[in-house]
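Before any comments, here is the structure.
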Amino acid sequence: AQPLYSSNPHIFITTPRKDKQVKAMPIRSSPFFNMESSAVLSMLRHTGKSMDSKHPKKSSGSIGGGVLKMFKLLPMLSSGCKMVNLLSRGHRKPLLKDFATTGTIFGFRKGRVFLAIQEDPHCLPTFIIELPMLTSALQKEMASETVRIALESETKTPRKKVLEEFVWGIYCNGRKIGYSIRRKNMSEEEMYVIDALRGVSMGAGVLPCRDQYEQETEGEMTYMRARFDRVVGSKDSEALYMINPEGSGQDTELSIFFLRSH
């Protein structure tokens with residue numbers, strides 16, 4: 001089994017392989033809240049099988065997963081490329097029609113990172129949150145080739161789905177980085193990004209700033225958009241696994257977990 005969260009003593013999830021059976025272990029997110037991992041492990045098993053069946057494995061010499069690699073290059077990119085502006089005009093229907101979920105990570109170069117979840121690029125986000133993490137720090141985490149982001153809610157509101165909770169503890173690659181509150185309404189900057197990317201199904205790049213003051217104080221707006229397999233483990237757990245655009249059978253580069261532990 002391969003540990004996803006090996007550096008944090010309170011969170012430990014294992015990814016099962018085909019040739020081994022994994023014994024379910026409890027996920028301890030804090031000394032006060034415990035949650036059985038059977039739901040999460042079932043999500044991991046389901047995703048591993050589905051990806052293997054959908055995508056043939058490439059040879060060891062191939063280069064897999066382009067979106068995350070593109071996001072790492074953003075410090076060297078500028079908004080001189082007008083592709084995003086062209087894509088966002090006129091024809092606004094999503095380029096790819098399937099059941100994949102759209103996930104977007106964006107933020108100013110000098111600011112914090114936002115996470116937005118959409119049913120497709122043409123819809124408004126069903127979930128948007130500002131992560132307690134700088135854009136530059138996330139790009140450094142991506143040097144490890146694999147990024148695992150976990151959002152844990154320690155409250156359980158009656159008749160609410162897990163993604164409808166408001167207060168979240170945020171983990172990145174096993175380290176707790178702070179707390180965030182889900183947005184009820186988007187700000188002008190967030191709406192600008194979502195509107196500009198309506199014609200983009202996947203990719204990474206830089207959006208031009210709306211004015212000179214914004215560029216001088218915050219830097220340019222960077223983004224990474226990808227399509228995700230959405231797996232519901234239970235009413236208290238969901239996971240998003242990034243679909244590699246090259247269709248490789250390698251491990252998912254970016255995974256996002258939503259857990260409700262109360």
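The values are calculated or read from the model by the stated rules, or taken from the named source; none is laboratory data. Because the structure is predicted, anything quoted here is derived from the model rather than measured. All Cβ positions, glycine included, derive from the backbone under ideal geometry; neighbour counts span all protein chains shown.
Observations
- Some residue of the stretch 158-172 being under 16 Å from Ile129 (Cβ atoms) and touching a Cys at 6+ places or on another chain (Cβ under 9 Å): no
- Residue in the stretch 170-177 that is under 17 Å from Phe258 (Cβ atoms), hydrophobic (A, V, I, L, M, F, W, C) and touching a Ser or Thr at 6+ places or on another chain (Cβ under 7 Å) present: yes
- Checking the stated criteria, Glu190 turns out to be closer than 30 Å to Lys156 by Cβ, among the acidic types (Asp, Glu) and surrounded by fewer than 22 Cβ atoms within 10 Å (Cβ to Cβ).
- Selected residue [touching a Ser or Thr at 6+ places or on another chain (Cβ under 9 Å) and within 19 Å of Ile128 (Cβ to Cβ)] from Ser255, Ser261: Ser255
- A search for C-beta distances below 8 Å between a residue of the stretch 121-138 that is under 24 Å from Lys160 (Cα atoms) and any residue that is modelled with pLDDT under 95 and among the hydroxyl-bearing types (Ser, Thr, Tyr), counting only pairs 6+ apart in sequence or on different chains, returns nothing.
- Unique match (being out of contact with any Phe, Trp or Tyr (no Cβ under 7 Å at 6 or more places or on another chain) and at pLDDT 90 or above) among Met186, Met242: Met186
- Tabulated pairs, the stretch 235-262, first at negative phi and assigned to a strand (DSSP E or B), second at pLDDT below 90 and among the acidic types (Asp, Glu), C-beta under 9 angstrom, 6+ apart or interchain: Met242/Glu253; Arg260/Glu154
- One residue from Asp236, Asp195, Asp211, Asp229 being under 13 Å from the mean Cα position of the chain (by Cα) and surrounded by fewer than 21 Cβ atoms within 10 Å (Cβ to Cβ): Asp229
Every residue, every condition in (1) assigned to a strand (DSSP E or B); (2) touching a helix residue (DSSP H, G or I) at 6+ places or on another chain (Cβ under 9 Å), yes or no:
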site: Met133; (1), (2): yes, yes
site: Gln139; (1), (2): no, yes
site: Ala150; (1), (2): yes, no
site: Gly169; (1), (2): yes, no
